[in-house]
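The values are calculated or read from the model by the stated rules, or taken from the named source; none is laboratory data. If you're wondering where the values come from, they're calculated on a predicted model, not measured in any experiment. Virtual Cβ from ideal backbone geometry, glycine too; neighbours counted across all protein chains shown.
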Amino acid sequence: MDLSFFDVYVLPWAINIALAAAIFIVGRMVTKVLVNLLGKALRKGKMEEILVNFISSIANILLLLVVIVASLDRLGVDTTSLIALVGAAGLAVGLALQGSLQNFAAGVMLIVFRPFKEGDFIEAAGVAGVVEHISIFNTIMRTGDNKEVIVPNGNIYSGVITNYSARDTRRVDMVFGIGYDDDLKKAKALLQEIVTSDERVLQDPAPVIAVSELADSSVNFVVRPWVKSGDYWAVKFDTTESVKLRFDQEGISIPYPQMDVHQYKHESN
């Protein structure tokens, strides 16, 4: 083999290939170390594991892309066009996945600011249910009748979020009506007895029982006891049943909607 050919072509290419391979191998090792350090730092900041994994994956891809570009540049490949191509491809993908990116951004906000967590009962995007899983792109909820509903995070974050589990206690708002001919004080005392005899009803704040309205067909009471959030529906259902049974026993009516019609007879002259 011609020595000049070896010196001019083979040796430089061999050196470049070796250096490019070294850059790639060392770069991958450095990338792995940096990604691990990033993951530890994020976990130390008590960030959600799903977000830690996602950010670590993005950082890993970006760092590997830098390593690949550096390796190709060492081989003498024009990386300017490659970078422009990757940028154009990224822009095209971003436009095509605009909705998904919106859901991703909303998912990051939900995970970072935590307006709710897994296990909470919430109402959002027109769906009410228990949150089972929060991912980057959507949230999985279980409704009261055990249906699984997958809601895009963009729909949740762009609307009103009602978290029924955010507080330890809730107020149960109920309305009961009695007839105008019934004993108002007796009815109020019965309601007070029913509410206070329930051990699940909290004494502080004290329950409110008051006449709220003189309606067309009934005198309406508001009954507003405070309970632990987990007892809300049980107390509401049990109180409603107890009121009906006690009112029947004590002869207090729960009137139907009614209308009095008066007919007048006009005598002609």
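Numbers for the structure displayed
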quantity	calculated
The range 104-124, residues that are small (Gly, Ala, Ser) and surrounded by fewer than 20 Cβ atoms within 10 Å (Cβ to Cβ)	Ala105, Gly119
Test for Asp73: is it surrounded by fewer than 16 Cβ atoms within 10 Å (Cβ to Cβ), farther than 30 Å from Val151 by Cα and at pLDDT 75 or above	yes
Complete set of residues in the range 96-118 that are under 17 Å from Ala166 (Cβ atoms) and within 10 Å of the chain's Cα centre (by Cα)	Leu110, Ile111, Arg114, Pro115, Phe116, Lys117, Glu118
Residues of the range 24-54 classified as surrounded by 16 or more Cβ atoms within 10 Å (Cβ to Cβ) and under 18 Å from Leu110 (Cα atoms), total	5
Hits in the range 76-118 (condition: modelled with pLDDT under 75 and not in a helix (DSSP H, G or I))	Gly76, Val77, Asp78, Leu97
Single unsatisfied condition, Ser242 versus (1) at pLDDT below 95; (2) of a type outside the set (D, E, K, R); (3) touching a helix residue (DSSP H, G or I) at 6+ places or on another chain (Cβ under 6 Å)	(1)
Checklist (1) surrounded by 14 or more Cβ atoms within 10 Å (Cβ to Cβ); (2) in contact (Cβ under 8 Å) with a residue 12 or more places away in the chain applied to Ile140, failing item	(2)
Elements of type strands (runs of 3 or more DSSP E) contained in the range 154-269, each with 2 or more residues being farther than 30 Å from Ile134 by Cβ	174-178, 208-214, 219-224
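Residue-by-condition table, conditions (1) under 30 Å from Val112 (Cα atoms); (2) β-branched (Val, Ile, Thr):
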{"position": "Thr169", "(1), (2)": "yes, yes"}
{"position": "Lys186", "(1), (2)": "no, no"}
{"position": "Val201", "(1), (2)": "no, yes"}
{"position": "Pro207", "(1), (2)": "no, no"}
{"position": "Val219", "(1), (2)": "no, yes"}
{"position": "Asp231", "(1), (2)": "yes, no"}
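Yes/no per residue for (1) without any contact (Cβ under 8 Å) to a residue 60 or more places away in the chain; (2) of a type in the set (Gly, Ala, Ser); (3) within 14 Å of Val235 (Cβ to Cβ):
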position	(1), (2), (3)
Gly177	no, yes, no
Gln192	yes, no, no
Arg200	yes, no, yes
Pro207	yes, no, yes
Ser217	yes, yes, no
